[in-house]
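> My structure is below; once you've seen it, I'll send some questions.
The values are calculated or read from the model by the stated rules, or taken from the named source; none is laboratory data. Computed from a prediction, not measured in an experiment: that's the story for all the values here. Glycine gets a Cβ as well: all are built from the backbone with ideal geometry, and neighbour counts include every protein chain shown.
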Amino acid sequence: MDRPTSSDLVTALRRLLPAEQVIHDTEALRPYECDALSVKRRRPQVVCLPDTVDQLRAILKLCRERNVPIVARGAGTGLSGGALPLEQGVLLSLARFSRILEIDPRNRTARLEPGVRNIAISEAAAPHGLYYAPDPSSQIACTIGGNVAENAGGVHCLKYGLTVHNVLGLKILTLEGELLEIGGQALDGAGYDLLALYTGSEGLLGLITEITVKLLPRPAAVTVMLAAFPSIAAAAETVTRILAAGIVPAGLELMDRLAVQAAEDYVHAGYPRDAAAVLLCELDGGEAELEAQAGHLASLLRAGGAQDIQRADTPEERARLWAGRKAAFPAAGRLAPDYYCMDGTIPRRCLAEVLEQIGRWSEEYGLRVANVFHAGDGNLHPLILYDAARPGELEKAEAFGARILELCVAKGGSITGEHGVGVEKLDGMCVQFDAAELNQFHRIKEACDPLGLLNPGKAVPSLHRCAELGAMHVHGGKLPFPELERF
């Protein structure tokens, strides 16, 4: 079936929605050209801003009948191009689905529409002494629907899990307009774990219309320690020692010298500018338990070579120490005109080794890197600094990033920890998975979206693309970069 012209589609959509909820003007479309991966841009054909499930269902029906692809969008804070629009498609914004439907303190749950901001959940639960644990750095802006779509993480995911570990139920609208209810209030359910399937599915399988999440009680006591180290290797080794000692911090973050200096210049958090690396470690729990763990942690930090240890117990002091880490990404924007934020995961024992290799590649490419890590779970965020105005620098940054992802896979890790695949890491998927595995992903997509209209071209590459790339599954073929063979 041929797709309708732009004017025909807009006319049909305005029969379904009020005129102000259908955006077609060229200038008004510009804010929707990309998500936070701003190097990838496309202007959508039209943007819809529905605010009811009936409107959503009507839009899906129209697009299904006219063979028009649909890209769902939350707050646009995603870093992998998951909400990159299609020039001949509908961009479906869920921003108006922003109601907190219920806070249930007895069951410690919250029911939410997908457009609710992450931090707003904890704010609404605070009067009951509860909060929502996953806390991406963009939590003041990102929405819970986008968090589910990308399986977002955050600094507290080491102890409390990713989004997938904190979602109890979903309502999903299929392309055919059927409303599916998955999961619920019970601790476990019969059958396959469809919650895990849809969490992190990046809008390929259905539209999220409602989310039920679990809430946690605020801990009785919290303390944060900042430790400065003379080398990245010493800091990385100390991470391993902390976890091996049976301490499970609420958060355990690592920043290298360049990231520390950028954050300190930006927010003046009191970070030691001369440190080669800084560890931030948050402990929480009962007061007696916390004090015992804090003493043990301090001894481990000193044994690992920490030269300076700061401890923060009051909310104000803790907020100050976390401010530098939370501001690491915007702070890096002061170091260069542009930066490319990578996202990969490795086993914790490989932290020092991988950082050393990134440093060697930094010299090879002539591009500086500020490293920020969820060190406790091995989730890397190298920020590759470049200037897009200089010919070839963007391409160099992307090539550098591809090598980092190859290295993550070679070390037994993954090409993504929390940012998703989107369009950014499609080639990396060709290395992470072999043809049989990718074929299974396509079969799941076809079962849920037989017409292939939901966020097409994202997250799962075609087998033809992988064949053209020449990438092979690292466990059974030759690696694209020879220097990775030793890993």
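> Could you list, in sequence order, all residues of the stretch 51-67 that are buried (at least 24 other Cβ atoms within 10 Å of the Cβ) and assigned to a loop (DSSP other than H, G, I, E, B)?
none
> Which ones in the stretch 265-288 are assigned to a loop (DSSP other than H, G, I, E, B), out of contact with any Lys or Arg (no Cβ under 8 Å at 6 or more places or on another chain) and surrounded by 14 or more Cβ atoms within 10 Å (Cβ to Cβ)?
Those that are assigned to a loop (DSSP other than H, G, I, E, B), out of contact with any Lys or Arg (no Cβ under 8 Å at 6 or more places or on another chain) and surrounded by 14 or more Cβ atoms within 10 Å (Cβ to Cβ): Tyr271, Pro272.
> Which one of the conditions (1) among the aromatic types (Phe, Trp, Tyr); (2) assigned to a helix (DSSP H, G or I); (3) closer than 19 Å to Arg348 by Cβ does Phe373 fail to meet, given that it meets all the rest?
All conditions pass for Phe373, except number (2).
> Another question, if that's okay. Looking at the stretch 72-115, which of its residues are among the β-branched types (Val, Ile, Thr) and surrounded by 24 or more Cβ atoms within 10 Å (Cβ to Cβ)? Before the answer, list the steps.
Going residue by residue through the stretch 72-115, those that are among the β-branched types (Val, Ile, Thr) are 77, 90, 100, 103, 109.
The one that is among the β-branched types (Val, Ile, Thr) and surrounded by 24 or more Cβ atoms within 10 Å (Cβ to Cβ): Val90.
> Oh, and also: Of all the helices (runs of 4 or more DSSP H) wholly in the stretch 411-473, which have at least 3 residues that are of a type in the set (A, V, I, L, M, F, W, C), more than 18 Å from Ala399 (Cβ to Cβ) and touching a helix residue (DSSP H, G or I) at 6+ places or on another chain (Cβ under 8 Å)? Spell out how you get there, then give the answer.
Values: elements: 426-432, 435-448, 463-469.
Those helices (runs of 4 or more DSSP H) span 435-448.
> Quick one: Gly153 ticks every box in (1) surrounded by 22 or more Cβ atoms within 10 Å (Cβ to Cβ); (2) within 29 Å of Arg57 (Cα to Cα) bar one, so which box is it?
Going through the list (1) surrounded by 22 or more Cβ atoms within 10 Å (Cβ to Cβ); (2) within 29 Å of Arg57 (Cα to Cα), Gly153 breaks only (2).
> Can you name every residue in the stretch 245-264 that is among the β-branched types (Val, Ile, Thr) and buried (at least 19 other Cβ atoms within 10 Å of the Cβ)? So that I can check it myself, show each step before the final result.
Quick first cut of the stretch 245-264, residues among the β-branched types (Val, Ile, Thr) only: 247-248, 260.
Result: Val260, single match.
> Looking at (1) touching a Leu at 6+ places or on another chain (Cβ under 9 Å); (2) on the phi > 0 side of the Ramachandran plot; (3) touching a residue at least 60 places away in the same chain (Cβ under 8 Å), find the lone condition where Gly412 falls short.
Of the numbered conditions (1) touching a Leu at 6+ places or on another chain (Cβ under 9 Å); (2) on the phi > 0 side of the Ramachandran plot; (3) touching a residue at least 60 places away in the same chain (Cβ under 8 Å), the odd one out for Gly412 is (1).
> Can you name the residue in the stretch 207-244 that is of a type outside the set (Gly, Ala, Ser) and assigned to a helix (DSSP H, G or I) and, of all such residues, is surrounded by the fewest Cβ atoms within 10 Å (Cβ to Cβ)?
Arg241
> Another question about this same structure. Assess whether Val39 counts as being surrounded by fewer than 16 Cβ atoms within 10 Å (Cβ to Cβ), closer than 28 Å to Tyr340 by Cα and β-branched (Val, Ile, Thr).
On the way: surrounded by fewer than 16 Cβ atoms within 10 Å (Cβ to Cβ): yes; closer than 28 Å to Tyr340 by Cα: yes; β-branched (Val, Ile, Thr): yes.
For Val39, the condition - surrounded by fewer than 16 Cβ atoms within 10 Å (Cβ to Cβ), closer than 28 Å to Tyr340 by Cα and β-branched (Val, Ile, Thr) - is met.
> Something else now. May I ask you to say which residue of Gly129, Gly161, Gly146, Gly169 is surrounded by 23 or more Cβ atoms within 10 Å (Cβ to Cβ), among the small types (Gly, Ala, Ser) and either more than 21 Å from Gly203 (Cα to Cα) or in contact (Cβ under 8 Å) with a residue 40 or more places away in the chain (or both)?
That would be Gly146, the only listed residue that is surrounded by 23 or more Cβ atoms within 10 Å (Cβ to Cβ), among the small types (Gly, Ala, Ser) and either more than 21 Å from Gly203 (Cα to Cα) or in contact (Cβ under 8 Å) with a residue 40 or more places away in the chain (or both).
> While we're here: Yes or no: Ala75 aliphatic (A, V, I, L, M) and out of contact with any Phe, Trp or Tyr (no Cβ under 8 Å at 6 or more places or on another chain)?
So Ala75 passes the test.
> Tally time: how many residues in the stretch 441-487 are at pLDDT below 95 and not aromatic (Phe, Trp, Tyr)?
Keep residues of the stretch 441-487 that are at pLDDT below 95, which gives 462-487.
Going one step further and asking which of them are not aromatic (Phe, Trp, Tyr), we end up with 462-480, 482-486.
Of the residues in that region, 24 qualify.
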